[in-house]
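Accompanying notes for the structure given below.
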Amino acid sequence: MRARRFPRPTARWLVPVLAIAAVLAVNAGLLARNAYQNADDPHRVADSDAAGRPGDALVQLSPDAYQHPDGQAVRDLLDRHFRAINDRNYPAWRDTVVDRRAWAEPEHQWRAAYRSTRDSAVVVRRIETGPADGVRVLLTFTSNQDPADAPAGTQLSCLRWRVVYPVAFDDGRARVDLPINGSTQREPC
């Protein structure tokens, strides 16, 4: 009886299979590197973590904002900005905004507007290039305040905000401009 011959696997199948395996391995390595490269950064927050992480940082960055070249400068600016509000420190707040915003909110109006405000859970969701060498920053945050101090029509002690702030770079320093018209949204907590 004659031995039966089975077809042999050919090299033509082996090369594509190895190529696909190599591509998958490289992609898995890149994904792992990106996932773990910044995992210990306390200022980076996962998109699903809307409240940010506990700790001394008031402002957190989403992964998208973290990757932006101006992400750290924006985080530092907004951290100083919101801390000044929470500390009722007008001169410190004034140092974080462009001149026209400070003129629109002189100290006596600012103090009345923020007298009981406490902002928290500030998360920079996205940073996009804006006009005039600046960026637009989409952020969310929570404000707690005496209901009498809340914006008209929303006399509540807790509000969740979603706003787009233009950030201008003036002599290398980032500063918050007036919010873009129609970009400010709020809802009860």
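The values are calculated or read from the model by the stated rules, or taken from the named source; none is laboratory data. Not measured: the values here are computed from a predicted model. Don't worry about glycine lacking a Cβ; one is built from the backbone with ideal geometry, like all the others, and counts go over all protein chains shown. Remember, those area values only see protein heavy atoms, side chains included, never the ligands or the DNA or RNA. Shrake-Rupley method; radii C 1.70, N 1.55, O 1.52, S 1.80 Å.
A simple spin-label model places the labels of His108 and Cys158 3.5 nm from each other, with each point 7 Å out along Cα-to-Cβ. By a 1.4 Å probe calculation restricted to protein chains, Thr142 has an accessible surface near 20 Å², given to the nearest 10. Using the Cβ-Cβ distance between Arg115 and Gln72 with R0 set to 45 Å, the FRET efficiency works out to roughly 0.90.
Across segment 83-95, computed HN-Hα scalar couplings (Karplus, 6.51 cos²θ - 1.76 cosθ + 1.60, θ = phi - 60°) run 5, 4, 5, 5, 8, 6, 10, 4, x, 5, 5, 4, 6 Hz from first to last residue, x flagging Gly and Pro. Ranking of Leu156, Leu58 by solvent-accessible surface, largest first: Leu156, Leu58 (1.4 Å probe, protein heavy atoms only, all chains present).
Applied to segment 121-136, the Karplus parametrisation 6.51 cos²θ - 1.76 cosθ + 1.60 on θ = phi - 60° returns per-residue 3J(HN,Hα) values of 6, 7, 10, 7, 8, 7, 10, 10, 4, x, x, 6, 6, x, 9, 10 Hz, with x for Gly and Pro. Taken one residue at a time, the phi angles of segment 106-114 give Karplus couplings (6.51, -1.76, 1.60, θ = phi - 60°) of x, 3, 5, 5, 4, 4, 5, 5, 10 Hz. Gly and Pro are set to x.
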